[in-house]
Amino acid sequence: MKRSGGVSGAVSLVMIFCVLCLSVFAVLTIATADREAKLTAMTAQNAEDYYAADRLAVEIVAALYHNTPLPADIEIVRTLAEFPDGASEEAEFSLPMGENQALEVSVLLSDQNGRTCKIQRWQTVYTGSWEIDGSMSVWDGE
């Protein structure tokens, strides 16, 4: 009885193809996991920065409300709001959050019918600089 090597060679080719495919998928999985780990760390750092600035902003607003000394070296911009009684005042300040963001807060303090505090703005803003890149060359048809 004679055996042919045709079936054995086809099985070997299929096996090599399967191993190659599994190797490629393994490399892609490792690369994706690495990128996801970096994104998770960056998201955690951004959340930590935001909540630290938020906590400090709440302390500053409480100090403004109770007319006590401020908890940090923060520049407060105070402007008198245009109300008939003249007893309202708007306070604005900005707290840095990481490299390119800041928490901007604006509150309206009023002495009408007791001391009140109304949040006008509590917003995260981008503070980094950017430049328009108009150097893209577009094919003009020639």
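Here are the numbers for the structure shown:
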{"quantity": "Residue in segment 57-65 that is open to solvent by 50 Å² or more (accessible area, probe 1.4 Å) and under 24 Å from residue 46 (Cβ atoms) present", "calculated": "yes"}
{"quantity": "Scan of segment 10-46 for residues that are among the charged types (D, E, K, R) and open to solvent by less than 90 Å² (accessible area, probe 1.4 Å), ordered by number", "calculated": "34"}
{"quantity": "Only one of 91, 72, 63, 102 that is small (Gly, Ala, Ser) and in a helix (DSSP H, G or I)", "calculated": "63"}
{"quantity": "Those residues of segment 95-118 which are free of Cβ contacts under 8 Å to residues at least 24 places away in the same chain and either touching a strand residue (DSSP E or B) at 6+ places or on another chain (Cβ under 7 Å) or surrounded by 10 or more Cβ atoms within 10 Å (Cβ to Cβ) (or both), in sequence order", "calculated": "104, 106, 116, 118"}
{"quantity": "Residue match in segment 118-135 (condition: on the phi > 0 side of the Ramachandran plot and in a loop (DSSP other than H, G, I, E, B))", "calculated": "no"}
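The values are calculated or read from the model by the stated rules, or taken from the named source; none is laboratory data. These numbers come from a predicted model, not from an experiment. FYI the Cβ positions are ideal-geometry reconstructions off the backbone, even for glycines, and counts take in every protein chain you see. Surface accessibility is based on the protein's heavy atoms, side chains included, excluding ligands, DNA and RNA. Shrake-Rupley method; radii C 1.70, N 1.55, O 1.52, S 1.80 Å.
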